[in-house]
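The values are calculated or read from the model by the stated rules, or taken from the named source; none is laboratory data. Just so you know, these numbers come straight off a predicted model, no measurement behind them. Heads up, the Cβs are rebuilt from the backbone with ideal geometry, glycines too, and the neighbour counts pull from every protein chain shown. For the accessible areas, the whole protein counts, side chains as well, though only heavy atoms, and no ligand, DNA or RNA atoms are used. Shrake-Rupley method; radii C 1.70, N 1.55, O 1.52, S 1.80 Å.
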Amino acid sequence: MNAIVSTVNDALYSYVLIILLVAGGLYFTFRCRFAQFRMLPEQLRVVRERPSDGKGVSSFHALMVSTASRVGTGNIIGVSTALCMGGFGSVFWMWVIALLGGATAFVESTLSQIYKRRGAEGCYGGPAYYIEAALKWRPLALAFSVLLILTYGVGFNMLCSYNLQSTFSTYSFYDTATTPWIIGLVLAVLVGYCLFGGGKRILRITGVLVPIMGVAYILVALLIVLCNLGTLPSVLARIFREAFDLRAIFGGFGGSCVMYGIKRGLFSNEAGVGSAPNASASAEISHPVKQGLVQTLSVFIDTILVCSATAFMCMCSGVEPTEALSGAPFVQEALRATLGGFGPVFITVAMILFAFTTLLGNLYYVTQSFNHLLGRVPGRRFCTIYYLLASGVILLGAGLNADLLWGIADVTMGLMALINMPVIFLLGKYAYRALADYKRQKAEGRDPVFRAADIGITESLDYWN
């Protein structure tokens, strides 16, 4: 199984996805006229808006759900793995994917807003819905929904559970035979409690935990960098030197900094994968572009802030990354070198919060996919079975093999991107027209309000007519 997954991964990430994501990001960046950079002040403004009726899901809550999924154990374990396996240069390629991915996230999230639908408990949508509504290709939409369930409900959640329990391996009480299962069981019970409270409980919990954990994590990373400020110039020089070491890159591309940077960057920020649009569609706003801008901000928060925080506190610590330290041990040793015994404890607490919110964000996406597959909101009996299975998957993941879990998650995520990226290439024209319509109304001094007919959509939509 490991060999098959590894072969597929090498093909996807050595050639196909690198070309698709980088070329796509560049194309969307130019077509949107660098909106991810030029409109940063507008991103910060619209994220504070609330629904006009005081009800529904705000832009901020939609941002927190997508950020809860993006900002997770991958920001710690994934970055550590990239540094240990790909070297310091992988950080540069993470940045490249994030900066280009901001435009990709804008397009896919704007499209999810344009083609969203009304429901009894609010709006919903995502790639499956814009594939079906705009391209009239239901089999492809169903395939995407199935892949999303496999990726986020199974692959990522099992991996997340494993990553969390692995941070306890440095403590004396850790027993390889029992501790992973105990931690997995506790995590499964807590997640199950939130799931049985429904989507609104998930929104409330992530809305509180995500900002707290993000700020605390970045502050500790800044403290570590300041404590080791003298190493910063050499760290920056090494990042750029290794990022462009062509002999090392082309001599073994499958294990190079480029591949690890792109793979772990994509795993972390998810731009182009088609996951965040499921959260974007839930926001009650006056114009789809607002949520496109908000999701662009989410990519920057994830990679430019949180992933960079992990990278710099590890690289500035003086602890050299090795294959043996890959994963949680490298981060814990890096923090121990600067903060002593407090370091591993802090990472454990951070991992608990990161893992918990990631699991909830992932399962929110899975719920939206089940809605699409069934054509309706599932009944109570279906949800009970699904919640029990989802909790069981989390328990199972805690005790499995890390390499296999990473591999499976990377394959299914890559297949999602292979569907979503060509689709948003085809439908991107509506996102560009919506952006032009938004800027025109802003120039006229108005709060932009969207009508589908204004950008050339003549068919009946569920929301914006």
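Below is a table of values for the structure above.
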item: Neighbours by Cβ (under 6 Å, 6+ apart or cross-chain): first from the stretch 109-120, on the phi < 0 side of the Ramachandran plot and part of a helix (DSSP H, G or I); second among the β-branched types (V, I, T) and open to solvent by less than 10 Å² (accessible area, probe 1.4 Å); result: T110/V289
item: Pair list, Cβ < 8 Å and 6+ apart or interchain, from the stretch 145-159 residues that are open to solvent by 10 Å² or more (accessible area, probe 1.4 Å) to residues that are of a type outside the set (V, I, T) and outside any helix (DSSP H, G or I); result: M158/L400
item: Members of the stretch 367-385 found to be open to solvent by 30 Å² or more (accessible area, probe 1.4 Å) and assigned to a helix (DSSP H, G or I), listed by number; result: T367, F370, L373, L374, R380, R381, F382, T384, I385
item: Answer residue from the stretch 409-465, given it is at pLDDT 85 or above and among the polar types (S, T, N, Q) and is nearest to the chain's Cα centre (by Cα) among those; result: N420
item: Checking Y171 against (1) over 21 Å from the mean Cα position of the chain (by Cα); (2) open to solvent by 50 Å² or more (accessible area, probe 1.4 Å); (3) modelled with pLDDT of 85 or more, the condition it does not meet; result: (3)
item: Counted residues, the stretch 121-144 - those being touching a strand residue (DSSP E or B) at 6+ places or on another chain (Cβ under 9 Å), part of a helix (DSSP H, G or I) and of a type in the set (G, A, S); result: 1
item: Condition met for D454 (more than 30 Å from S169 (Cβ to Cβ), open to solvent by less than 30 Å² (accessible area, probe 1.4 Å) and of a type in the set (D, E, K, R)); result: no
item: Of the criteria (1) open to solvent by 60 Å² or more (accessible area, probe 1.4 Å); (2) under 30 Å from V8 (Cβ atoms); (3) of a type outside the set (F, W, Y); (4) in contact with a Ser or Thr (Cβ under 8 Å, 6 or more places away or on another chain), which one I424 fails; result: (1)
item: Which numbered condition G87 fails, given (1) at pLDDT 85 or above; (2) at positive phi; result: (1)
item: Check on S80, at pLDDT below 85 and either closer than 30 Å to D410 by Cα or surrounded by fewer than 22 Cβ atoms within 10 Å (Cβ to Cβ) (or both); result: yes
item: Some residue of the stretch 251-268 being buried (at least 21 other Cβ atoms within 10 Å of the Cβ), of a type in the set (V, I, T), assigned to a helix (DSSP H, G or I) and modelled with pLDDT of 75 or more; result: no
item: Answer residue from the stretch 15-34, given it is open to solvent by 20 Å² or more (accessible area, probe 1.4 Å) and hydroxyl-bearing (S, T, Y) and is modelled with the lowest pLDDT among those; result: Y15
item: Qualifying residue in the stretch 56-76 (condition: at pLDDT 70 or above, closer than 29 Å to S161 by Cα, in contact with a Phe, Trp or Tyr (Cβ under 8 Å, 6 or more places away or on another chain) and open to solvent by less than 10 Å² (accessible area, probe 1.4 Å)); result: yes
item: From the options L388, L305, L335, residue that is in a helix (DSSP H, G or I), touching a residue at least 40 places away in the same chain (Cβ under 8 Å), open to solvent by less than 40 Å² (accessible area, probe 1.4 Å) and more than 21 Å from A409 (Cβ to Cβ); result: L335
item: Per-region count, the stretch 308-328, residues open to solvent by less than 10 Å² (accessible area, probe 1.4 Å) and β-branched (V, I, T); result: 1
item: Some residue of the stretch 96-110 being open to solvent by 10 Å² or more (accessible area, probe 1.4 Å) and hydroxyl-bearing (S, T, Y); result: no
item: Test: residue in the stretch 185-196 that is open to solvent by less than 60 Å² (accessible area, probe 1.4 Å), touching a residue at least 40 places away in the same chain (Cβ under 8 Å), among the β-branched types (V, I, T) and touching a Leu at 6+ places or on another chain (Cβ under 8 Å); result: yes
item: Filter result for F354 (of a type in the set (A, V, I, L, M, F, W, C) and closer than 20 Å to Y152 by Cβ); result: yes
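This table checks each residue for (1) assigned to a helix (DSSP H, G or I); (2) under 18 Å from V107 (Cα atoms); (3) charged (D, E, K, R).
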| position | (1), (2), (3) |
| --- | --- |
| Y365 | yes, no, no |
| V393 | yes, no, no |
| G399 | no, no, no |
| L405 | yes, no, no |
| A409 | yes, no, no |
| M421 | yes, yes, no |
| Q441 | yes, no, no |
| R446 | no, no, yes |
| F450 | no, yes, no |
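Residue by residue, here is whether (1) farther than 29 Å from L236 by Cβ; (2) at pLDDT 80 or above; (3) out of contact with any Cys (no Cβ under 7 Å at 6 or more places or on another chain); (4) polar (S, T, N, Q) holds:
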position	(1), (2), (3), (4)
A334	no, yes, no, no
T357	yes, no, yes, yes
V366	yes, yes, yes, no
F370	yes, yes, yes, no
